[in-house]
Amino acid sequence: MQSTTQKEELATQSTETAQRFVTLKDKLSSEEYNFEHFRTKHLLTDAQLTIEKRGIQPGEMAPDFELARVGGGTLRLSELRAKPVALHFGSFT
């Protein structure tokens, strides 16, 4: 079980990461970056930004978000805190 101090630290990290995400200068709109319009240039841009160590770094808390479940309902990333989670966005298809 997590102590109160650990929970507070996770909440602080989550808030700081969310604030960094909101203030990003180079965000793409969902119209520019989605599965229907995904292009090689998006993959290359993501690779370049990763090389430059921009964005969320490995081990940092990801901003909370919500996704639709296939069988109905939604899932929030925050529901998975304290569990191993691998996030993969994008597709080569």
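For this structure, a couple of remarks:
- Residues of the stretch 69-93 that turn out to be modelled with pLDDT of 80 or more and either under 17 Å from Q19 (Cα atoms) or more than 15 Å from the chain's Cα centre (by Cα) (or both), as a count: 10
- Residue in the stretch 70-79 that is over 18 Å from L24 (Cβ atoms), polar (S, T, N, Q) and touching a strand residue (DSSP E or B) at 6+ places or on another chain (Cβ under 6 Å) present: yes
- Filtered residues of the stretch 41-65 (kept if surrounded by 11 or more Cβ atoms within 10 Å (Cβ to Cβ) and of a type in the set (D, E, K, R)): D46, R54, E60, D64
The values are calculated or read from the model by the stated rules, or taken from the named source; none is laboratory data. Since the structure is predicted, the reported quantities are computational estimates derived from the model, not experimental observations. In this analysis, Cβ positions are derived from the backbone assuming ideal geometry, glycine residues included, and neighbour counts consider all displayed protein chains.
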